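Here's the structure we're looking at; comments come further down.
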Amino acid sequence: MKKLLASLALAAAVFAPAAWAQDQAASAPVAASAAAVVDAASAPAPAASAPAEPASAAAAPAPVINKGDTTWMMVSTLLVIMMTVPGLALFYGGLVRSKNMLSVLMQVMVAFSLIVVLWVLYGYSFAFTEGNQFIGGTDRLFMKGIWDNVAGTFAPAATFSKGVYIPEIVFAAFQATFAGITACLIVGAFAERAKFSAVLLFLALWFTFSYLPIAHMVWYWMGPDAYTSAAVVDEMNAKAGMIWQWGALDFAGGTVVHINAAVAGLVGAYMIGKRVGYGKESFTPHSLTLTMVGASLLWVGWFGFNAGSALEANGFAALAFINTFVATAAAVLAWSIGEALMRGKASMLGAASGAVAGLVAITPAAGNVGIGGALVIGFVAGFACLWGVTGLKKLLGADDSLDVFGVHGVGGIIGALLTGVFNSPALGGPSAVGDWVTASMIAPDAYSIAGQVWTQAKAVGVTILWSGVVSVIAYKVVDLVIGLRVSEEEEREGLDISSHGETAYTK
């Protein structure tokens, strides 16, 4: 437990900005009207639906369901499903020993399915309806009101453009895939030794008390049409999630998805303990071919993850698309160069890991930075995450089986902080919306890099602490109720046989 607490402190130290950032906090970009500082595409989730009776509703344009945007969002949803099953499942599956291949595939597929069901029952409502600054309300429990089956009409969900909407049912499906893959990322940290039932119970608890609040705090707001005049700005801002109100930029989930999951995984690696034989026996991946296939599917699917987070088929979606392309390529090269310098050879595992590192780091920045910024973020992430799975992993002393924290934690923190840097118009970024009434952007000379980085750092810090505390409690509850870990005999036999009664390969 001492190592766990020390590691949480170390993780917090990674994101902490220098003292100068604190000094400049007051200069963080804030609209003169006190509107929250947000990019027109800074998060994948505005209010799930237009406010039922927003102030000055009569002045708001009638909702228009855009067929092109709706089509793009359905395609993006399919791409994110492909990222998880089979993408993430194969990536993780190839990295474990053959006797545990099916256990990883099962954990990913069933966990994803569990979270989708919970999302429909209550998750969507608590993440994306009006409540308070920490959690949403009950307006969409069991998806009530999302469509009228008698009239055949569908509730609209706001995008980032005034008067433009997609069906809320599509937005809900898209966000369900985010929740699902986030939970699945965690299982890589304690692969090959956790009870199947324990994994599912933990993820249900963690999803409820960590994912949903963080998603609400980072992504929930009232939508652009709620900002009808300067007189309602403060009122609308006060209804948004806490981190959104701060003005933190997270285009597609650097905090909500990657840092959130990475911290939960690291806590699990400590609390479940190291694998039998760790440090004494070989734990080499059984199929780097499958890992490469999985990484490739992740790369392709990530275009839906990032570009889909614009919620519209527009220029910001295109920006997120190309940034996802180039940042990932840069990270592959950086990781390969780093490995060659360290070990004399660049490996396939390293290239695949570099791709994931680049994808993770560009996630919060995808539509928030220019192409040059994306290249820098990719290169930095490639080298930083290589250190994360080597040097940092040794410092932490945890058996993080598939380097969830080293890649998703380090990459997520790097991406979140550098988003604040490269969002600056002076560095080729698109800036951020300073006033949602007019949708006007913060002028280049008014943008404060130090201020925005400090805001990003606060968002990272809250995510680390929140997920860390929830994870410790949730793991402890699961351990008391059903136990976290299989027996040593079952672990040595392999979880495929001991937990599922089948094998991945016929000998």
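The values are calculated or read from the model by the stated rules, or taken from the named source; none is laboratory data. Note that this is a predicted model, so its numbers are computed, not measured. Positions of Cβ are generated from backbone atoms using ideal geometry, with glycine treated the same way; all protein chains shown enter the neighbour counts. What goes into the accessible areas is simple: the full protein's heavy atoms, side chains included, and nothing from ligands, DNA or RNA. Shrake-Rupley method; radii C 1.70, N 1.55, O 1.52, S 1.80 Å.
Annotations
- Over the chain, dividing the summed -39,500 (n - 2.57) contributions of all DSSP H runs of at least 4 residues by the number of residues returns a 222 nm mean residue ellipticity of -17000 deg cm²/dmol.
- Per-peptide average of other Cβ atoms within 10 Å, ordering 436-444, 274-282 highest first: 436-444, 274-282
- Nonpolar atom fraction for the stretch 381-507, defined as the carbon and sulfur part of the 1.4 Å probe accessible area, stands at 62 percent.
- Compactness of the stretch 423-507 is given as radius of gyration and Dmax, 24.9, 67 Å, from Cα positions.
- Separation in nanometres of the label points that stand 7 Å from Cα toward Cβ, at ILE482 and PHE134: 2.8 nm
- Counting only Cα atoms, the stretch 242-372 measures 52, 34, 25 Å along its principal axes, largest extent leading.
- With Cα atoms, 0 to 90° folded angle of helix 371-388 axis to the chain main axis: 30 degrees
- In the chain, a dipole from Cβ-located charges (positive for Lys and Arg, negative for Asp and Glu) runs towards its positive end, and of VAL120, GLY409, GLY277 it is GLY277 whose Cα lies farthest in that direction.
- Cα pair distances exceeding 45 angstrom across the chain, given as percent: 9 percent
- Set against the 2.2 N^0.38 Å expectation for a compact globular protein, the stretch 182-309 has a Cα radius of gyration ratio of 1.40.
- Cα-based convex hull volume of the stretch 333-447 per residue, rounded to whole Å³: 110 Å³
- With a simple spin-label model that places each label point 7 Å from the Cα along the Cα-to-Cβ direction, the separation between LEU465 and VAL75 comes to 4.3 nm.
- Peptides ranked, highest mean first, by Cβ atoms within 10 Å: ranges 255-263, 482-490, 91-99: 255-263, 91-99, 482-490
- Cα-based helix-to-principal-axis angle, 315-343 vs the chain, degrees rounded to 10: 30 degrees
- The chain: relative contact order in percent, alpha carbon pairs under 8 Å with at least 6 residues between: 26 percent
- Per-residue packing, averaged as other Cβ atoms within 10 Å, sorts the ranges 225-238, 185-198 into the order 185-198, 225-238, beginning with the highest.
- Contour minus Cα-Cα distance for ALA230 and LEU427 (0.36 nm per residue): 67.9 nm
- Helix axis angle, 260-272 relative to the chain longest principal axis, alpha carbon, degrees: 30 degrees
- For the chain, the solvent-accessible area of protein heavy atoms averages 35 Å² per residue (probe radius 1.4 Å; ligands and nucleic acids excluded).
- The relative contact order of the stretch 130-222 comes to 30 percent, based on Cα pairs under 8 Å that sit 6 or more residues apart.
- Take the Cβ atoms of THR289 and MET342, set R0 to 35 Å, and the FRET efficiency comes out at 0.90.
- Of LYS195/LYS393; LYS67/LYS239; LYS144/LYS476; LYS195/LYS345; LYS162/LYS239, those spanning more than 27 Å from alpha-carbon to alpha-carbon: LYS67/LYS239; LYS144/LYS476; LYS195/LYS345
- If R0 equals 41 Å, the separation of the Cβ atoms of LYS67 and LYS280 corresponds to a calculated FRET efficiency of about 0.10.
- At the listed q of 0.21 Å⁻¹, the Debye profile of the stretch 266-335, built from one uniform point per Cα, gives log10 I(q)/I(0) equal to -0.93.
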